[in-house]
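**Student:** Dropping the structure in here first, questions after.
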Amino acid sequence: MKLNAGTPTSRLRNLGAHWYAVLLAGSAATIIVHLTIDAQAVTFATIVIVVGQTLALVTLGVRTHRPVHSLPWYLLSASSLLFATGVIARHASNHAIHPIDDTFTLLGYLGAVLAALIWLRPRELRDNYDLALDSALIGLSALLASWTFLISPILQSPRTGVDVVLATTYPVVDTLLLTVVAHSMATSTRAETSRRLLHAGLIAMLLGDLGYNLHSAGTVSFASTVLQAPLLAAFAAAGIAALHPSMAILGTPRPIHPHRSRQRANLVAIALIVASLVPVVGSRLELLDRVVVSSLFTLLLIGMLVRSERAIVHSTRSERRAKYQAEHDMLTGLLNRTALLRTLRQRPEGWIGQPLCLLFIDLDGFKRVNDSYGHSVGDELLATAAARIQCVVRSDDVVSRYGGDEFVVLSPLPLSDAALLAERLIGAFVRPFELSAGVIPITASVGVAGIGPQTPDVDVHDLIRSADTAMYHAKRYSLGYAFHDRVRHMPANSGRRVRRTNSRSAGTESVAQFRQQTLGLRELGL
């Protein structure tokens, strides 16, 4: 059903940025009132207003934007309700119903973590171990700091039984939540406003919990209204995030860009700096503390070594890929023109002292194929032709795509043997090409140029120009192949012709002739 411009749903879809600012300002004013007036009735009213607003906005956002995954939003709503119930129960009974109030709060944490994990799961690329390793390192560093500053003081306090278990559970849950937030921040994009608002809310929640944990450890004492303010801000941020249209794409698969790895590295560096403070602050640790701290440090060091090794492997692989792309034609996999011109200089030991011949190959009628069937079929023809050329040359020969439909073969052969290689190359085009557009016959013309035993100052450009000239002569007079040193003295109707095959029915005679030539070349070591 088409929505009218005046319906509430359509107005919500077109909600401007200033309305989000109004909602944020209203939530901020409510929290300021909560901080200013230290009264139990005001505290309860503020919690009910903020949580009620969050539930209403999440419900409206889910019904309007129809997110791919709606379950996390319902989990977040349930978490807000559980958090509010725990806070109200704790202050209304003055801790008389302990640990029921903490049970509600921990269940609220569980809902928030589950929602975040559901949203993050599609982001996890297959075999992307670096992302998981970075998040684990951040979590280990946070756990190390939590043990030193929060858990250890709680264990050394006079508390016993359930109180100790609950007090130490909060820092562990916060560590898990911090790991999830860091993981999400490292994979988010600028377009995901809803996710960024959720990040702000979760960070506010972590700050509030840090205050609670420091209060439980006896390190710092805060007023209850101050500790509740970050939690209210987290509720408000979640509700506003549900209204933004980008909430609909949370949890959808999205590629993680390479520069995100640098962001994760920065987070890991900050986490390790925090972890490095532990030996200084905890220099007078007990035996249990030393065992836990040493174990966590060992895991951190192992993780950093593994991460460093993987970074080196990735860097080496990237360098090889860049070098390959700089020297090869991506369509055919052959060397490109630049790499061909550097071949003699890069591997002089394989060429000096040997004769050298260069065969310049041009496909006959390639432009017609390109114009008739399109560039995709032309690219398919070039790739197949390159594969056929590679199949008939020797392992010591260098094959290059010189440009367009032109190929070059550089071989340490005397000119007396180059004719056999030229015939073998032309024979590779006897069979028509079976392409996606159908069976297409294509022939080739080959120009041959060569010099005697190699010297270090040989000019490949001269060989290419000479072979190119011979190739045009062979193409003009349908010779199949021609030698440059014989072109000037060769009449138009002379020279050895190579039988061409321009139809699908190439004939068994041509195929048999090509096989016979191939066997003869193998016997000669070609």
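**Student:** Taking residue 40 and the conditions (1) among the polar types (S, T, N, Q); (2) modelled with pLDDT of 85 or more; (3) farther than 16 Å from residue 201 by Cβ, which numbered condition does it fall short on, given that it satisfies the others?
**Tutor:** Residue 40 satisfies all of (1) among the polar types (S, T, N, Q); (2) modelled with pLDDT of 85 or more; (3) farther than 16 Å from residue 201 by Cβ except (2).
**Student:** How many residues are touching a residue at least 40 places away in the same chain (Cβ under 8 Å) and either more than 14 Å from residue 119 (Cα to Cα) or part of a loop (DSSP other than H, G, I, E, B) (or both) when one looks only at the stretch 180-193?
**Tutor:** 4
**Student:** To continue, here is another question. Evaluate the following for residue 194: is it among the polar types (S, T, N, Q), buried (at least 20 other Cβ atoms within 10 Å of the Cβ) and within 34 Å of the chain's Cα centre (by Cα)?
**Tutor:** So residue 194 passes the test.
**Student:** Mind checking which residues of the stretch 148-190 are closer than 30 Å to residue 245 by Cα and in contact with a Lys or Arg (Cβ under 9 Å, 6 or more places away or on another chain)?
**Tutor:** Once the filter is applied, which keeps residues that are closer than 30 Å to residue 245 by Cα and in contact with a Lys or Arg (Cβ under 9 Å, 6 or more places away or on another chain), the stretch 148-190 yields 182, 183, 184, 185, 186, 187, 188, 189, 190.
**Student:** Does residue 400 satisfy the criteria of being within 33 Å of the chain's Cα centre (by Cα) and of a type in the set (S, T, N, Q)?
**Tutor:** Numbers: within 33 Å of the chain's Cα centre (by Cα): yes; of a type in the set (S, T, N, Q): yes.
Considered against the rule, which asks whether it is within 33 Å of the chain's Cα centre (by Cα) and of a type in the set (S, T, N, Q), residue 400 comes out as yes.
**Student:** Test residue 260 against the criterion of being surrounded by 15 or more Cβ atoms within 10 Å (Cβ to Cβ), over 21 Å from residue 205 (Cα atoms) and at pLDDT below 60, and give yes or no.
**Tutor:** Considered against the rule, which asks whether it is surrounded by 15 or more Cβ atoms within 10 Å (Cβ to Cβ), over 21 Å from residue 205 (Cα atoms) and at pLDDT below 60, residue 260 comes out as yes.
**Student:** Follow-up question, since we're still on this one. Collect the residues in the stretch 148-162 that are part of a loop (DSSP other than H, G, I, E, B) and touching a residue at least 40 places away in the same chain (Cβ under 8 Å), keeping them in residue-number order.
**Tutor:** Once the filter is applied, which keeps residues that are part of a loop (DSSP other than H, G, I, E, B) and touching a residue at least 40 places away in the same chain (Cβ under 8 Å), the stretch 148-162 yields 156, 157.
**Student:** Please specify each residue of the stretch 422-478 satisfying the condition of being part of a helix (DSSP H, G or I), buried (at least 19 other Cβ atoms within 10 Å of the Cβ) and at pLDDT below 90.
**Tutor:** 463
Yes/no per residue for (1) over 23 Å from the mean Cα position of the chain (by Cα); (2) modelled with pLDDT of 85 or more:
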{"site": "292", "(1), (2)": "yes, no"}
{"site": "297", "(1), (2)": "yes, no"}
{"site": "303", "(1), (2)": "no, no"}
{"site": "329", "(1), (2)": "yes, yes"}
{"site": "335", "(1), (2)": "yes, yes"}
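**Student:** Taking the stated definitions as given, is residue 397 under 26 Å from residue 353 (Cβ atoms), buried (at least 17 other Cβ atoms within 10 Å of the Cβ) and charged (D, E, K, R)?
**Tutor:** For residue 397, the condition - under 26 Å from residue 353 (Cβ atoms), buried (at least 17 other Cβ atoms within 10 Å of the Cβ) and charged (D, E, K, R) - is met.
**Student:** Turning to a different aspect of this structure: Taking residue 392 as the residue in question, decide whether it is at pLDDT 80 or above and surrounded by 18 or more Cβ atoms within 10 Å (Cβ to Cβ).
**Tutor:** yes
**Student:** Only one of (1) modelled with pLDDT under 90; (2) open to solvent by 20 Å² or more (accessible area, probe 1.4 Å) fails for residue 510. Which number is that?
**Tutor:** That leaves (2) as the condition not met.
**Student:** Take the stretch 311-364 and flag every residue that is over 28 Å from residue 413 (Cβ atoms) and outside any helix (DSSP H, G or I). Spell out the reasoning first.
**Tutor:** Just the residues of the stretch 311-364 that are over 28 Å from residue 413 (Cβ atoms), to begin with: 311-323, 325-326, 330.
The one that is over 28 Å from residue 413 (Cβ atoms) and outside any helix (DSSP H, G or I): 330.
**Student:** Further question on the same structure: Of the residues 340, 359, 344, which is open to solvent by less than 30 Å² (accessible area, probe 1.4 Å), under 25 Å from residue 424 (Cβ atoms) and modelled with pLDDT of 90 or more?
**Tutor:** 359
**Student:** Sort out which residues of the stretch 32-88 are within 21 Å of residue 227 (Cβ to Cβ) and of a type in the set (D, E, K, R), and write them in order of number.
**Tutor:** 38
**Student:** Whether any residue in the stretch 80-101 is among the charged types (D, E, K, R), at pLDDT 80 or above and closer than 25 Å to residue 118 by Cα is what I want to check.
**Tutor:** No, the conditions are met nowhere in the stretch 80-101.
**Student:** Okay, next question. All but one of (1) surrounded by 23 or more Cβ atoms within 10 Å (Cβ to Cβ); (2) farther than 18 Å from residue 102 by Cα; (3) at pLDDT 85 or above hold for residue 245; state the number of the condition that does not hold.
**Tutor:** Going through the list (1) surrounded by 23 or more Cβ atoms within 10 Å (Cβ to Cβ); (2) farther than 18 Å from residue 102 by Cα; (3) at pLDDT 85 or above, residue 245 breaks only (1).
The values are calculated or read from the model by the stated rules, or taken from the named source; none is laboratory data. Just so it is clear, the structure is predicted and the values come from calculations on it, not from any experiment. Every residue, glycine as well, gets a Cβ built from its backbone with ideal geometry; the counts of neighbours run over all protein chains shown. Side chains are part of the model used for accessible areas, which takes the heavy atoms of the whole protein and leaves out ligands, DNA and RNA. Shrake-Rupley method; radii C 1.70, N 1.55, O 1.52, S 1.80 Å.
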